[in-house]
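Have a look at the structure below, then the notes.
The values are calculated or read from the model by the stated rules, or taken from the named source; none is laboratory data. Computed from a predicted structure; not experimentally measured. Neighbour counts run over all protein chains shown; Cβ positions are idealised from the backbone, glycine included.
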Amino acid sequence: MIPETKALAGRFPGDFVFGVATAAFQIEGATKTDGRKPSIWDAFSNMPGRVYGRHNGDIACDHYNRLEDDLDLIQSLGVAAYRFSIAWPRIVPEGTGPVNEKGLDFYDRLVDGLKARGIKAFATLYHWDLPLMLAGEGGWTARQTAYAFQRYARTIIARLGDRLDAVATFNEPWCSVLLSHLYGIHAPGERNMDAALHALHFTNLAHGLGVSAIRAERPDLPVGLVLNAHSIYPGSDDAGDRAAADRAFDFHNGVFFGPVFKGEYPERFLSALGHRMPEIEPGDMETISQPLDWWGLNYYTPMRVADDPAEGSDFPATVPAPPVGDIRTDIGWEVHAPALGDLVRKLNADYTLPDCYITENGACYNMGVENGVVDDQPRLDYIADHLGVTADLISEGYPMRGYFAWSLMDNFEWAEGYRMRFGIVHVDYETQVRTVKKSGHWYAALAGQFPKGNHREG
């Protein structure tokens, strides 16, 4: 047992869940196999100038064809849980219409394989791979997509719900709403505030309809939502920058947390942009704000903002402020572990929140294999520091129930293609050979101490 992992383990209750996480489009490949049809990311990846090097998900980590070996890999890491997403285009290839049994069969094998290995199954229903056919009908800017999602959710839970340990409706709606419809960085690549506002409300509605569908099938299945909440700091103590940070909090966090946990959009947001929102129909907010059993936090890096002095700039009227520290990951993100604690404290002060799992946390470092070893000490340090903050939060009484390292393995990193690596396991994309990195061995040593006994010191 590595001493440093023993000391860290002692700061967590014995039932704390250590896991690893992936997403379907990033690892599965087999995009044209067994009835799967294209998603918006298949189309987006093949458009010039959208994804680095025009990389795509056609093969990725070939997980679809290497399922059993990858499940053995997860088991070898000693983790208690695996968070994965389900590919809507495999299940309902056109978004609506016929259900693809072969797609369901694959996830049957995945979940059964986890159960056979004693690993908990945390499923995410939507991790950005919208069936392309739905995009032709407006995608997330169309209300009907929310109802298509409701049917898809019911289909999944009817088939898999008896063996899942937890389910999330959406992963990081901030990305599939704002990064995808306002900033143009993710599929479908729109840069339009009105499109983003429509996608916002209909995604929130889809979440609520999904919760209803899940509970109709399996009332006892813990259901939640995974949010990449932003820890937002003003660029200075100037009153204008502090006000900018408040607006940014509403725009980047409040538009999801407010509807889900309070049944309302933030007042400042509505005052500025409410007239551009789609119609909020009677019952929408009640549907969106159904109580959840848990929520997931994905955290990587702080957001720093300053006031945008330009006249007529759209809410929240902010510009990026420079990082405070000089430590960066290989993707350029500032490393600042205390922001995780600041964020959890603020969110719990502002909203009444259920149990929390850190559903993604990790760092991009692109070290390769040398003599059979990947020495990614900076990633190990990053994970250890953020777990230390998580332990602090538990000692303060916050209901932090688990931690999922992002990611199990290097994979298709969306607009960055395959040039950015977040895995605790290295993937050679030419040979598909997996090599556990130094961080992966360390994490396995930590995770292997759970769940057993009570590790609390004293």
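I'm trying to understand the selection: among the residues of the stretch 169-184, which are within 14 Å of the chain's Cα centre (by Cα) and in contact (Cβ under 8 Å) with a residue 12 or more places away in the chain?
First, pick out the residues of the stretch 169-184 that are within 14 Å of the chain's Cα centre (by Cα): 169-177, 179.
Correct list: 169, 170, 171, 172, 173, 174, 175, 176, 177.
Checking the structure you have, find out if any residue of the stretch 411-429 is at pLDDT 95 or above, among the β-branched types (Val, Ile, Thr) and over 23 Å from the mean Cα position of the chain (by Cα). Walk me through how you get there before you give the answer.
Initial filter on the stretch 411-429 (at pLDDT 95 or above): 411-429.
From the residues that got through so far, the ones that are among the β-branched types (Val, Ile, Thr) too are 424-425, 427.
If we keep only those that are over 23 Å from the mean Cα position of the chain (by Cα) too, we end up with none.
No, there is no match, as no residue in the stretch 411-429 is at pLDDT 95 or above, among the β-branched types (Val, Ile, Thr) and over 23 Å from the mean Cα position of the chain (by Cα).
Name, by its number, the condition in (1) in a helix (DSSP H, G or I); (2) of a type in the set (Gly, Ala, Ser); (3) surrounded by 20 or more Cβ atoms within 10 Å (Cβ to Cβ) that does not hold for residue 43.
Evaluating residue 43 over (1) in a helix (DSSP H, G or I); (2) of a type in the set (Gly, Ala, Ser); (3) surrounded by 20 or more Cβ atoms within 10 Å (Cβ to Cβ) leaves (3) as the failure.
Looking at 30, 9, 80, 24, which is the one that is among the small types (Gly, Ala, Ser), farther than 22 Å from residue 136 by Cβ and touching a strand residue (DSSP E or B) at 6+ places or on another chain (Cβ under 7 Å)?
Among 30, 9, 80, 24, only 80 is among the small types (Gly, Ala, Ser), farther than 22 Å from residue 136 by Cβ and touching a strand residue (DSSP E or B) at 6+ places or on another chain (Cβ under 7 Å).
For residues in the stretch 263-291 being crowded, with 16+ Cβ neighbours inside 10 Å and charged (D, E, K, R), which is farthest from the chain's Cα centre (by Cα)?
Here the answer is 268.
Any residue at all in the stretch 349-357 that's surrounded by 13 or more Cβ atoms within 10 Å (Cβ to Cβ), of a type in the set (Val, Ile, Thr) and either at pLDDT below 95 or closer than 30 Å to residue 289 by Cα (or both)?
There is no residue in the stretch 349-357 that is surrounded by 13 or more Cβ atoms within 10 Å (Cβ to Cβ), of a type in the set (Val, Ile, Thr) and either at pLDDT below 95 or closer than 30 Å to residue 289 by Cα (or both).
Within 27 Å of residue 17 (Cα to Cα) and not β-branched (Val, Ile, Thr): which single residue out of 191, 159, 151 fits that description? Break it down into steps so the answer makes sense when it comes.
Details: 191 fails: within 27 Å of residue 17 (Cα to Cα); 151 fails: within 27 Å of residue 17 (Cα to Cα).
Testing whether each residue is within 27 Å of residue 17 (Cα to Cα) and not β-branched (Val, Ile, Thr) leaves just 159.
Name the residues in the stretch 216-231 that are in contact with a helix residue (DSSP H, G or I) (Cβ under 7 Å, 6 or more places away or on another chain) and outside any helix (DSSP H, G or I), would you?
Selection gives 218, 221, 223, 225, 227, 228, 229, 230, 231.
Mind checking whether some residue in the stretch 192-213 is among the charged types (D, E, K, R), at pLDDT 95 or above and over 23 Å from residue 271 (Cα atoms)? Step through it out loud before you land on a result.
Narrowing the stretch 192-213 to residues among the charged types (D, E, K, R): 194.
Going one step further and asking which of them are at pLDDT 95 or above, we end up with 194.
This time we only want the ones that are over 23 Å from residue 271 (Cα atoms), so: none.
Scanning the stretch 192-213, I find no residue that is among the charged types (D, E, K, R), at pLDDT 95 or above and over 23 Å from residue 271 (Cα atoms), so the answer is no.
Considering only residues that are in contact (Cβ under 8 Å) with a residue 12 or more places away in the chain and either part of a helix (DSSP H, G or I) or crowded, with 22+ Cβ neighbours inside 10 Å (or both), which ones fall in the stretch 1-15?
Filtering the stretch 1-15 for residues in contact (Cβ under 8 Å) with a residue 12 or more places away in the chain gives 1-2, 4-6, 8-15.
Listed by number, the residues that qualify are 4, 5, 6, 8, 9, 12.
Just wondering, is there one or more residues in the stretch 5-19 that are modelled with pLDDT of 95 or more, within 20 Å of the chain's Cα centre (by Cα) and under 16 Å from residue 110 (Cα atoms)?
Yes, the stretch 5-19 contains a residue that is modelled with pLDDT of 95 or more, within 20 Å of the chain's Cα centre (by Cα) and under 16 Å from residue 110 (Cα atoms).
Restricting attention to the stretch 17-33, does a residue exist that is of a type in the set (Lys, Arg), in contact (Cβ under 8 Å) with a residue 40 or more places away in the chain and on the phi < 0 side of the Ramachandran plot?
Among the residues of the stretch 17-33, not one is of a type in the set (Lys, Arg), in contact (Cβ under 8 Å) with a residue 40 or more places away in the chain and on the phi < 0 side of the Ramachandran plot, which makes the answer no.
I'm checking my understanding of the structure. Among residues of the stretch 308-340 that are in a loop (DSSP other than H, G, I, E, B) and of a type in the set (A, V, I, L, M), which one is farthest from residue 392 (Cα to Cα)? Working first, answer last.
Within the stretch 308-340, the subset in a loop (DSSP other than H, G, I, E, B) is 308-317, 321-327, 329-333, 335-337.
The next check asks that each one be of a type in the set (A, V, I, L, M); those that pass are 310, 317, 321, 324, 327, 331, 335, 337.
Numbers: 310: 41, 317: 34, 321: 28, 324: 23, 327: 22, 331: 27, 335: 18, 337: 12 Å.
If we take residues in the stretch 308-340 being in a loop (DSSP other than H, G, I, E, B) and of a type in the set (A, V, I, L, M), then 310 is farthest from residue 392 (Cα to Cα).
Looking at (1) under 20 Å from residue 170 (Cα atoms); (2) in contact with a helix residue (DSSP H, G or I) (Cβ under 6 Å, 6 or more places away or on another chain); (3) buried (at least 20 other Cβ atoms within 10 Å of the Cβ), which is the one condition that is false for residue 122?
(2) is the only condition that residue 122 fails.
Out of (1) farther than 19 Å from residue 229 by Cα; (2) surrounded by 20 or more Cβ atoms within 10 Å (Cβ to Cβ); (3) within 23 Å of the chain's Cα centre (by Cα), the odd one out for residue 297 is which?
(1)
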